[in-house]
Amino acid sequence: MIMSDIKNDIPKHLAIIMDGNGRWAEKKGKNRIHGHSHGVRAVQEVVEEAVQLKIEYLTLYAFSTENWSRPEEEIGILMKLLVNTLRSEFEKLLENRIKLNVIGNIGQLPEIVRNELEYVVDQTQNNTEMTLTLALSYGGREELANVLKQLAYKVKDNIISPEKIDQSIINEHLYTQNLPDVDLLIRTSGEKRISNFLLWQIAYAELYFSKVLWPDFTKKHLHKALTSYQKRERRFGKTSKQLLG
Ligand code: IPE
Ligand code: IPE
Ligand code: MG
């Protein structure tokens, strides 16, 4: 597949569940942490390729609300890795005109991570080439519970009437309020589940499961996923005939 073909029907919003770092390391007889640091290489490659392909929105699942149950040591190292990566990649984000965005329960993250995120989000906010969203301390159910809570308060305070609540109002209260629906969701490592990621936003996403462990994921694998996506007919409830007409 040559690039010009792939570029024809690029998903506007690509979301990725980056899974398999631990198994990658274990296979090599190494500590899980080793897998996480190699996972950063895959992030760099996929982000760069996404810019080349003119994907407008790339959302990466980096840490879930459930991941707080992992051993403290692993969490600590993941947080450190995040801060270091934000620092080392900062110039590249500016060069590529990438806007950094974060979704999730950010208040739960360590202060050093929050400060670094705040700085990079602020410094890149006017960039227009691509929006790179990191899902951190993110859980889809928690996001939806938050929406319900915000709307309940607004009803209680007479800011909004219950009849006015519809899909677009719900959208406006999600962490992803500034993002379009997901077109393609990729999960690596062979697991076929959603693990509480973007539950509302993937309602009509195409799903692609790759057996490749995240640290081994390259632009070649990304191209494969995009080619699969481009062969699909997204009917959104209609018939094939309707789409042709
Ligand atoms: C994904 O890799 C990274 C995070 C969840 C932070 P894992 O750490 O889940 O790797 P496996 O699934 O155990 O191989
Ligand atoms: C999902 O991966 C979360 C991220 C990739 C950040 P997990 O490895 O935590 O998911 P489960 O627990 O296997 O479903
Ligand atoms: Mg995993």
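The values are calculated or read from the model by the stated rules, or taken from the named source; none is laboratory data. Nothing here was measured: the structure is a model prediction, and the numbers come from that model. For neighbour counting, all protein chains shown are included, and Cβ atoms are generated from backbone atoms with ideal geometry for every residue, glycine included. Just so you know, the surface numbers come from the protein's heavy atoms only, side chains and all, with ligands and any DNA or RNA stripped out. Shrake-Rupley method; radii C 1.70, N 1.55, O 1.52, S 1.80 Å.
See the values below:
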| quantity | calculated |
| --- | --- |
| Test result for E206, surrounded by 16 or more Cβ atoms within 10 Å (Cβ to Cβ), over 17 Å from Q44 (Cα atoms), acidic (D, E) and modelled with pLDDT of 95 or more | yes |
| Test for L185: is it under 26 Å from L82 (Cα atoms), within 16 Å of ligand 2 (Cβ to nearest atom) and hydrophobic (A, V, I, L, M, F, W, C) | yes |
| Unique match (being modelled with pLDDT under 95 and open to solvent by 50 Å² or more (accessible area, probe 1.4 Å)) among N126, N178 | N178 |
| Unique residue being within 16 Å of ligand 3 (Cβ to nearest atom) and in contact (Cβ under 8 Å) with a residue 24 or more places away in the chain when the list is E56, E66, E48 | E66 |
| Qualifying residue in region 95-108 (condition: in a helix (DSSP H, G or I) and open to solvent by less than 80 Å² (accessible area, probe 1.4 Å)) | yes |
| Residue within region 76-84 that is open to solvent by 70 Å² or more (accessible area, probe 1.4 Å) and either in a helix (DSSP H, G or I) or of a type in the set (S, T, Y) (or both) present | yes |
| Among (1) touching a helix residue (DSSP H, G or I) at 6+ places or on another chain (Cβ under 8 Å); (2) away from ligand 2 (no atom under 13 Å from the Cβ); (3) open to solvent by 60 Å² or more (accessible area, probe 1.4 Å) - the single one G29 does not satisfy | (1) |
| Number of the condition not met by N146 [criteria: (1) open to solvent by less than 60 Å² (accessible area, probe 1.4 Å); (2) part of a strand (DSSP E or B)] | (2) |
| Selected residue (only one of E73, E49, E45, E26 is closer than 20 Å to R114 by Cα, outside any loop (DSSP other than H, G, I, E, B) and of a type in the set (D, E)) | E73 |
| Residue among G20, G35 that alone is on the phi > 0 side of the Ramachandran plot, under 20 Å from the mean Cα position of the chain (by Cα) and within 14 Å of ligand 1 (Cβ to nearest atom) | G20 |
| Identity of the residue in region 184-200, more than 14 Å from ligand 1 (Cβ to nearest atom) and in a strand (DSSP E or B), that ends up surrounded by the fewest Cβ atoms within 10 Å (Cβ to Cβ) | L184 |
| Scan of region 209-237 for residues that are open to solvent by 40 Å² or more (accessible area, probe 1.4 Å), at negative phi and of a type in the set (F, W, Y), ordered by number | F209 |
| Out of Y57, Y61, sole residue that is surrounded by 19 or more Cβ atoms within 10 Å (Cβ to Cβ), of a type outside the set (A, V, I, L, M, F, W, C) and touching a Lys or Arg at 6+ places or on another chain (Cβ under 7 Å) | Y57 |
| Selection from region 149-175 of residues that are polar (S, T, N, Q) and either open to solvent by 60 Å² or more (accessible area, probe 1.4 Å) or not in a loop (DSSP other than H, G, I, E, B) (or both) | Q150, N158, Q167, S168, N171 |
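Here is a yes/no grid of residues against (1) out of contact with any Ser or Thr (no Cβ under 9 Å at 6 or more places or on another chain); (2) within 18 Å of I103 (Cα to Cα); (3) in contact (Cβ under 8 Å) with a residue 12 or more places away in the chain:
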| position | (1), (2), (3) |
| --- | --- |
| K164 | yes, no, no |
| S195 | no, yes, yes |
| I202 | yes, yes, yes |
| Y208 | no, no, yes |
| W214 | no, no, yes |
| T218 | yes, no, yes |
| L222 | yes, no, yes |
| R234 | yes, no, yes |
